[in-house]
Amino acid sequence: MATIRELSQQAEPWFFAVGLFKPHLPFAAPKRYFDRHDPERIPALEAAAAARPAWPSSWHGSGEFRGNYGHGGRDPAMDAEYARRLRHAYAASVSYVDAQVGRVLDALRASGRERDTIVIVWSDHGFLLGEHGIWGKHCLYEHALRSPLLIRHPGLPEPGRTSAAIVETVDLFPTLVELCGLPTPEGLDGRSLGPQLRDPTAPGTKPAAAFWTGGQRTVRTDRWRLIVDRAGERVELFDYQTDPDEARNHAAEHPEVVRELRALLEPLPQP
């Protein structure tokens, strides 16, 4: 943590980025992080959540997971014990990276700059651990796109509170600009998360959009997610109010919602 010690001694404001690889595949971590989790207490997925979609979907065969790593002939889709073992290893990997974040925060505290430094912990994507029969990301389902986001700054009125607001990673830059008291450039797609930091119950101010290969696009609101392909022929609609596991495609029964969400996607560029 020599870099933090060095930066903390200068008078000018500084920006320090730390990249951590885990919990990316392969799910490897020192044994003591496995020991923190009882594999018998790691729940299996409900059958509806683990099922491959029965409708025309953006399902894929988990090529990164299956093609790049040896599994000794075991398949978590057919082997519940192996699926539990993999989830145990993922939990250990998460605990391992948590400990590394803790080392950075300990160094910041030791430097004496904890009270005037903004800290953001975030990830570029999530990961499916058998949801929809997928082990990986490379799709636009909720577990692939939902990622950790933690923001701490000295002026937080309610530190430790969680916000349920829908936000995007493009919101981080305008958030930092506001927290640093700098002028916000024009033409940004993101919006500052200052309102949510001041009041964790404040709703999001816009839906969240995401893109994937082959022209796939999605938009997420507080209640709904729409996924469409480039041609607009494959449509998936999920209602997180009644179906948080995305176990059903609700597009046919809610054509009005599909139209509304399609309209939100239209102004966005094709990937």
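Being within 14 Å of Ala208 (Cβ to Cβ) and either open to solvent by 70 Å² or more (accessible area, probe 1.4 Å) or of a type in the set (A, V, I, L, M) (or both) is the filter here; which residues of the range 181-190 pass it? Selection gives Asp189 alone.
Please work out if Tyr96 is open to solvent by 30 Å² or more (accessible area, probe 1.4 Å) and touching a Leu at 6+ places or on another chain (Cβ under 8 Å). For Tyr96, the condition - open to solvent by 30 Å² or more (accessible area, probe 1.4 Å) and touching a Leu at 6+ places or on another chain (Cβ under 8 Å) - is not met.
Restricting attention to the range 86-105 and to residues that are in contact (Cβ under 8 Å) with a residue 24 or more places away in the chain and more than 18 Å from Phe34 (Cβ to Cβ), the residue that is nearest to the chain's Cα centre (by Cα) turns out to be Val101.
Restricted to the range 24-74, the set of helices (runs of 4 or more DSSP H) holding at least 3 residues that are within 21 Å of the chain's Cα centre (by Cα) comprises 63-68. Against the list (1) at pLDDT 95 or above; (2) more than 16 Å from the chain's Cα centre (by Cα); (3) open to solvent by 30 Å² or more (accessible area, probe 1.4 Å), the condition Val170 fails is (2). Look at the range 233-247: where a residue is at negative phi and a partner is at pLDDT 95 or above and among the aromatic types (Phe, Trp, Tyr), sitting 6+ places away or on another chain with Cβ atoms under 7 Å, you get Leu237/Trp224; Phe238/Trp224; Asp239/Trp224. Put simply, of Glu40, Glu46 the only residue that is among the acidic types (Asp, Glu), open to solvent by 50 Å² or more (accessible area, probe 1.4 Å) and within 25 Å of Ser147 (Cβ to Cβ) is Glu46. Could you say which residue among Glu260, Glu253, Glu178 is of a type outside the set (Ser, Thr, Tyr), free of Cβ contacts under 8 Å to residues at least 24 places away in the same chain, open to solvent by 20 Å² or more (accessible area, probe 1.4 Å) and under 30 Å from Glu12 (Cα atoms)? Every option except Glu178 fails the conditions.
Residues in the range 213-235 that are in contact with a strand residue (DSSP E or B) (Cβ under 9 Å, 6 or more places away or on another chain) and farther than 21 Å from Ala247 by Cα were compared, and the one that is most open to solvent (accessible area, probe 1.4 Å) is Arg230. Every listed requirement among (1) of a type outside the set (S, T, N, Q); (2) within 20 Å of the chain's Cα centre (by Cα); (3) closer than 30 Å to His254 by Cβ is met by Leu176 save one, (3). As a summary of the residue check, Pro13 satisfies the conditions (1) touching a Cys at 6+ places or on another chain (Cβ under 8 Å); (2) open to solvent by less than 50 Å² (accessible area, probe 1.4 Å) except for the one numbered (2).
Say whether the condition of being surrounded by fewer than 17 Cβ atoms within 10 Å (Cβ to Cβ), in contact with a Ser or Thr (Cβ under 7 Å, 6 or more places away or on another chain) and assigned to a helix (DSSP H, G or I) is met by at least one residue in the range 117-126. Taking every residue of the range 117-126 in turn, none turns out to be surrounded by fewer than 17 Cβ atoms within 10 Å (Cβ to Cβ), in contact with a Ser or Thr (Cβ under 7 Å, 6 or more places away or on another chain) and assigned to a helix (DSSP H, G or I). Annotation: of all residues in the range 137-167 being within 11 Å of the chain's Cα centre (by Cα) and of a type in the set (Lys, Arg), the one that is least open to solvent (accessible area, probe 1.4 Å) is Lys137. Candidates are the residues of the range 75-94 that are among the hydrophobic types (A, V, I, L, M, F, W, C) and part of a loop (DSSP other than H, G, I, E, B); the one that is farthest from Ser147 (Cα to Cα) is Met78.
The values are calculated or read from the model by the stated rules, or taken from the named source; none is laboratory data. These figures come from a predicted structure and were not determined experimentally. FYI the Cβ positions are ideal-geometry reconstructions off the backbone, even for glycines, and counts take in every protein chain you see. Remember, those area values only see protein heavy atoms, side chains included, never the ligands or the DNA or RNA. Shrake-Rupley method; radii C 1.70, N 1.55, O 1.52, S 1.80 Å.
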